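Structure first, commentary second.
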Amino acid sequence: MELTATTTVRRPVAEVYAFWRLLENLPSFMAHLDEVRTTDEKSSTWTASAPFDHTVVWEALITEDLVEERIAWRSTEQADVPNEGTVSFLPSPDGAGTEVHVHLVFDIEAGKLGRAVAKYFGEDPRQQLDDDLRRLKQVLETGEVVRSDGAPWGKRARKEFPQRPAQPLTVEERREVLGA
């Protein structure tokens, strides 16, 4: 699966790059990421939540690190979910912030079936990436992920209220809503 997403953060490139480069910061805005432990300058161990209460752990290597421009990485051969990606940091056109461009490639177990089941249970990877970048913007611009009274527990609320992209109601759901 290949994913791309972009957001603009109203902070200088140097600040956005430095926040992302400190890999331990990533779980603060990536909902499915539980922990990142840096083992040396280029290596790290990642732990993430997966659908159906599974946990996925992998080692990653930074393959490119252009200060205040781009970070690229790839998982090692032993990864449960092989992945690689890049994040690029560009000054926004108006000069008031940073464009963050993310490109991810990963191998989901069970191929199309695994993606369909995950999507059915509210785990659409494209939506997850968009949501993660929205939270990155919030963390860097306000200092925290903005939470509503309806979901004050953040990541814990995901299990109670799984989300999925907006879509029309099914015939059964319409009947339920209309009481027919």
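The values are calculated or read from the model by the stated rules, or taken from the named source; none is laboratory data. No experiment lies behind these values; they were computed from the predicted model shown. Here the Cβ positions follow ideal geometry from the backbone for every residue, glycine too, while neighbour counts run over all protein chains shown.
Being surrounded by 16 or more Cβ atoms within 10 Å (Cβ to Cβ), at pLDDT 70 or above, under 25 Å from residue 8 (Cβ atoms) and in contact with a strand residue (DSSP E or B) (Cβ under 8 Å, 6 or more places away or on another chain) is a property that residue 72 has. Within segment 7-40, the set of residues being acidic (Asp, Glu) and without any contact (Cβ under 8 Å) to a residue 12 or more places away in the chain comprises just one member, 40.
Taking segment 9-36, which residues are in a strand (DSSP E or B), modelled with pLDDT of 95 or more and either in contact with a Leu (Cβ under 8 Å, 6 or more places away or on another chain) or of a type in the set (Val, Ile, Thr) (or both)? Once the filter is applied, which keeps residues that are in a strand (DSSP E or B), modelled with pLDDT of 95 or more and either in contact with a Leu (Cβ under 8 Å, 6 or more places away or on another chain) or of a type in the set (Val, Ile, Thr) (or both), segment 9-36 yields 9, 36.
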